[in-house]
Amino acid sequence: MAPVLDHLVIDVRDRMAEGAAAMRALGFQLTPMGRHSLGSANHLMMFGQDYLELLGTDVPGGALRPDIASYPVGLNGLVFKTEDADALSPRLVAQGVPALPSTAFHRPVEGGEARFKTVRLDRAAAFDGRIYWCQHITPEHVWRPEWLVHPNGALSVARVLLAARDPERQAAMFRRMFGAAPVAVAADGRVTLDCGPVTVEVAPQALVAAELGTAAPDPAGRGDHMALVALRVRDLSATAALLRGNGITAAGGRGLLRVPAAQAMNTTIDFSG
């Protein structure tokens, strides 16, 4: 089962309006507010094959869905694609992966209803965040052409970076999930999961701290945590101009722009050409 990224989740808790404003300032087009049958709300930032999701509640001070209530604001969800959630769960369990039974839910959209099935891992299985798989029953209500164009020129996810005390622990879980072929370990301890056009990287915490410096997110009590998402853009110079115009401070160099987590809901974001 080859790993294919579906989307990444940025938890915003009860700060949905603030999160949406922050992402618009970064040049993203957001989908209209969605309200899940599970009791959560979201906005999406859609790309050709994957997307980012702001997840929380649209009620300031309101109760959060139990499975996300303990997570702080920030990048917390790593989501893979599946075409058959019902079959996936028992197959993962047989491979030694602590997968939960599939869950079906939906949310209304203009002109119809977006329906999904997900398979989540037991929260003790990996890093201090969530790993799960998503089956899109109605992808036509998620990937709409009018939602794929962003003022910042964002096209797709390129890289996901996690900080871990023991990257090999996560590597072992990836091997049980996907087999050994897409998993590699570098001499410096970095683990990479090859997801085709996307690289998921798990690095020792010290290496992540050295790379990100003051742009790093606040762990907010988490040990192993997702720290950064890198996005491909159509024209990096145009992206830089938009960010400057919106008052966003982004550090440039090596063909990328880095937005510190303090300006992006506790999520470090790289834009690359």
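The values are calculated or read from the model by the stated rules, or taken from the named source; none is laboratory data. Worth saying up front: this structure is predicted, and the values here are computed from it rather than measured. Heads up, the Cβs are rebuilt from the backbone with ideal geometry, glycines too, and the neighbour counts pull from every protein chain shown.
Given the options V97, V93, V79, name the one that is in contact with a Phe, Trp or Tyr (Cβ under 6 Å, 6 or more places away or on another chain), among the aliphatic types (A, V, I, L, M) and either surrounded by 13 or more Cβ atoms within 10 Å (Cβ to Cβ) or assigned to a loop (DSSP other than H, G, I, E, B) (or both).
Exactly one of V97, V93, V79 is in contact with a Phe, Trp or Tyr (Cβ under 6 Å, 6 or more places away or on another chain), among the aliphatic types (A, V, I, L, M) and either surrounded by 13 or more Cβ atoms within 10 Å (Cβ to Cβ) or assigned to a loop (DSSP other than H, G, I, E, B) (or both), namely V79.
Going by what's in this entry, would R115 be described as within 29 Å of F174 (Cα to Cα), of a type in the set (D, E, K, R) and surrounded by 15 or more Cβ atoms within 10 Å (Cβ to Cβ)?
Judged against the criteria, R115 is a match.
Output the qualifying pairs, or none if there are none: Cβ atoms under 8 angstrom, residues six or more apart or on different chains, first residue in the range 117-145 and closer than 13 Å to F105 by Cα and among the acidic types (D, E), second residue modelled with pLDDT under 90 and buried (at least 19 other Cβ atoms within 10 Å of the Cβ).
Nothing qualifies.
Given the criterion over 19 Å from the mean Cα position of the chain (by Cα), assigned to a strand (DSSP E or B) and under 17 Å from P3 (Cβ atoms), identify the matching residue among A180, A104, A184.
A184
Among what's in the range 3-31 and is out of contact with any strand residue (DSSP E or B) (no Cβ under 8 Å at 6 or more places or on another chain) and touching a residue at least 24 places away in the same chain (Cβ under 8 Å), pick the residue that is surrounded by the fewest Cβ atoms within 10 Å (Cβ to Cβ).
If we take residues in the range 3-31 being out of contact with any strand residue (DSSP E or B) (no Cβ under 8 Å at 6 or more places or on another chain) and touching a residue at least 24 places away in the same chain (Cβ under 8 Å), then A17 is surrounded by the fewest Cβ atoms within 10 Å (Cβ to Cβ).
When you check T199 against the structure, is it in a strand (DSSP E or B), in contact with a Ser or Thr (Cβ under 8 Å, 6 or more places away or on another chain), within 28 Å of P260 (Cα to Cα) and free of Cβ contacts under 8 Å to residues at least 24 places away in the same chain, yes or no?
No, not satisfied.
What about V185, is it touching a residue at least 12 places away in the same chain (Cβ under 8 Å), surrounded by fewer than 16 Cβ atoms within 10 Å (Cβ to Cβ), over 27 Å from A25 (Cβ atoms) and not small (G, A, S)?
yes
Give the residue, chosen from G221, G253, G196, G245, that is at positive phi and either among the charged types (D, E, K, R) or modelled with pLDDT of 95 or more (or both).
Every option except G196 fails the conditions.
Could you say whether any residue in the range 236-255 is under 25 Å from Q95 (Cα atoms) and part of a helix (DSSP H, G or I)?
Checked the range 236-255: no residue is under 25 Å from Q95 (Cα atoms) and part of a helix (DSSP H, G or I).
For I137, indicate whether it is in the same structural domain as V73 (by TED's automatic domain parsing), within 21 Å of Y71 (Cβ to Cβ) and either in contact with a strand residue (DSSP E or B) (Cβ under 6 Å, 6 or more places away or on another chain) or of a type in the set (S, T, N, Q) (or both).
No.
Residue-wise test of (1) buried (at least 19 other Cβ atoms within 10 Å of the Cβ); (2) free of Cβ contacts under 8 Å to residues at least 12 places away in the same chain; (3) not acidic (D, E).
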site: M226; (1), (2), (3): yes, no, yes
site: A230; (1), (2), (3): yes, no, yes
site: D235; (1), (2), (3): no, no, no
site: A240; (1), (2), (3): no, no, yes
site: N246; (1), (2), (3): no, no, yes
site: T268; (1), (2), (3): yes, no, yes
